[in-house]
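Below is one structure, written out as structure tokens; the observations come after it.
Please treat every number below as a calculation from the coordinates, not as lab data. What you see is a predicted model, and the numbers here were worked out from it, not measured in a lab. Cβ: placed from backbone, ideal geometry, glycine included. Neighbour counts: every protein chain shown.
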Amino acid sequence: MIIALKPGVDAGKEKQLIDWFKEMGLGVHTSVGSERTVLGLIGDTSKVDMELVESLEIVDSVKRVSETFKMCNRKFHPEDTVISVGDVKIGGGNFAIMAGPCSVESEKQIVEVARDVKAAGAAILRGGAFKPRTSPYDFQGLKAEGLEYLKIAKQETGLPIVTELMSITDIPLFEDVDIIQIGARNMQNFNLLQEVGKLNKPILLKRGLANTLKELLMSAEYIMANGNENVILCERGIRTYSDYTRNTLDLSAVPMLHELSHLPVIVDPSHATGIARLVPPMALAATAAGADGLIIEVHNDPMHALCDGAQSLRPEEFATLAGKINAVRTVI
Ligand code: PEP
Ligand code: MN
């Protein structure tokens with residue numbers, strides 16, 4: 001249930017109302033907008049007398065929210081959420097490009113790529129240290145050592161870092177990581193979602209390979225219900241009948257998620273297509289569709305990459321793309 005208060009209501013009366021809901025065993029999510037405050041009730045609201053609430057002097061309107069996702073629901077929080085990572089902002093008209101290799105391979109590699117993507121206009125450095133690989137025989141990432149190299153690249157360039165967390169037991173290693181990525185394969189690892197929900201740092205939540213938008217939002221809800229409201233949603237392609245691309249990029253997810261949720265939505269054209277030459281057109285299309293950012297794989301030597309070389313742009317290709325992304329942003 002959402003309760004829109006009248007503009008400029010008395011703070012004491014607002015608190016009284018919130019306390020009353022809490023006494024009924026409900027959670028209250030307060031969203032202070034530029035014009036009015038919206039209270040979102042979480043829990044079993046069947047016993048709340050809507051007419052009584054509506055008749056209160058400070059209340060403008062009362063609506064039941066039929067969706068099962070509440071905290072990430074735009075009805076609960078009408079204004080866009082803006083996520084801050086250092087000086088970088090994502091959402092609410094702020095656009096950020098995250099770029100870097102699929103996996104961190106050495107200190108030299110990640111520092112070099114970090115310098116290149118920064119020069120081209122990336123705001124955040126990506127790089128996997130813990131890699132979810134389909135085959136147990138493939139390179140699994142440099143793990144803790146990879147995180148150390150990421151931190152060095154951050155020191156060298158000033159770029160905040162985003163990297164994937166696969167297991168609850170590794171959380172202590174991620175203290176200096178700026179954005180924790182929850183990968184597609186872990187989108188419904190509910191224990192992991194609950195634990196990152198207790199952290200105080202942004203979470204990049206990627207859509208699962210075969211998950212619906214509602215399921216993605218329910219996973220965001222897991223994180224938010226545990227206290228962490230800094231969630232960035234990521235469309236990274238889903239499994240359909242695509243035979244020539246790695247996945248199918250569901251670009252309609254961008255405007256649909258924006259309609260349903262206040263959370264920022266970014267797009268990963270690299271994993272969506274699996275083919276480097278398809279990354280620029282899809283990145284531009286995602287930008288035009290209103291994405292709040294992009295996450296793009298860039299490698300200084302894609303032919304010898306330990307992971308996802310075929311979908312990685314060379315730094316100079318990324319620089320050209322970044323210029324075109326800016327041009328599309330200017331137009332839209
Ligand atoms: C990645 O970003 O490196 C990755 C593994 O992505 P996804 O979880 O979307 O497959
Ligand atoms: Mn990858």
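Just in segment 114-178: which GluC sites (Glu not before Pro) are loop by DSSP and have at most 11 other Cβ atoms within 10 Å? Mind dumping the intermediate values first?
Details: sites: Glu145, Glu148, Glu156, Glu164, Glu175; in loops: Glu175.
Those satisfying the criteria are Glu175.
Sorted from greatest to least, the principal axis extents spanned by the alpha carbons of segment 2-63 come out as 28, 20, 20 Å.
Axis angle, to the nearest 10 degrees, between helix 144-157 and the longest C-alpha principal axis of the chain: 90 degrees. Between Asp10 and Glu215, the modelled labels are 5.0 nm apart [label points 7 Å from Cα along Cα→Cβ]. An ellipsoid equivalent to segment 205-321, defined through the eigenvalues of its Cα gyration tensor, has semi-axes of 26, 15, 14 Å when rounded to whole angstrom and sorted largest first. Each Cα pair under 8 Å and six or more residues apart adds its sequence gap; the mean of these over the residue count of the chain is a relative contact order of 15 percent. Looking at segment 68-127, the GluC sites (Glu not before Pro) that sit in a DSSP loop and have at most 16 other Cβ atoms within 10 Å of their own Cβ are Glu79. Across all Cα atoms of segment 1-118, the radius of gyration (one decimal) and Dmax (whole number) stand at 21.0, 66 Å.
Under a 5 Å amide H cut-off, with hydrogens placed 1.01 Å from N, Ser261 pairs with Arg74 among residues at least 5 apart or on other chains. For segment 52-137, which chymotrypsin sites (Phe, Trp or Tyr not before Pro) pass both filters: DSSP loop (anything but H, G, I, E, B) and at most 11 other C-beta atoms within 10 Å? Those satisfying the criteria are Tyr137. Helix 279-288 axis versus longest C-alpha principal axis of the chain: approximately 20°, rounded to the nearest ten. The helix-only estimate of mean residue ellipticity at 222 nm for the chain, built from DSSP H runs of length n ≥ 4 each weighted as -39500 (n - 2.57), is -9500 deg cm²/dmol after division by the residue total.
Divided by 2.2 N^0.38 Å, where N counts the residues, the Cα radius of gyration of segment 83-331 comes to 0.91.
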